[in-house]
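One structure is given here, and the rest of the page talks about it.
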Amino acid sequence: MRICDKIKKAREAKGLSQKEVATALKMDQSQYSKIESGKTDPHFSTIEKIAKALGMELYELFRANEVFKDVNSLDKSIIERAMLIDSLDKKEKIAFFTVLDTMVAKKQLTDILNSALSKTG
């Protein structure tokens with residue numbers, strides 16, 4: 001299997017879009033697409049960066065007949081998620097953290113109310 005095919009399989013198994021990986025690499029999506037399609041041969045340093053963006057060790061991309069298992073976003077490491085968050089622009093980050101803060105506050109309020117109700121019942 002060619003390296004471009006392995007990169008694509010790994011990205012798909014991680015449930016990431018080309019745009020997400022390209023953003024993590026600070027690369028134009030069209031350039032990343034050319035790498036996956038085999039239209040351009042990436043430098044070794046680029047392959048290293050792609051492996052890191054995919055949350056993989058470099059050697060994993062070079063294993064013969066590697067079968068990538070499907071993973072969902074719950075299986076992504078905190079580092080992978082942080083890399084994706086870090087790639088957002090300022091407005092997107094503000095929106096993301098607003099939603100996150102709202103969800104955490106809701107959870108805390110629910111826990112407090114459940115605790116209070118269990119003490120009165």
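Laboratory data are not the source of any read-out in this text; all were calculated from the coordinates shown. Since the structure is predicted, the reported quantities are computational estimates derived from the model, not experimental observations. Note that we place each Cβ from the backbone using ideal geometry, even for glycine, and neighbour counts take in every protein chain shown.
On the beta carbon distance between Val104 and Ser33, with R0 = 41 Å, the FRET formula returns roughly 0.70. Counted over the chain with a bin width of 5 Å, the fraction of Cα pairs per bin, in whole percents, is 2, 10, 17, 19, 15, 10, 7, 6, 5, 4, 3, 2, 1, 0.
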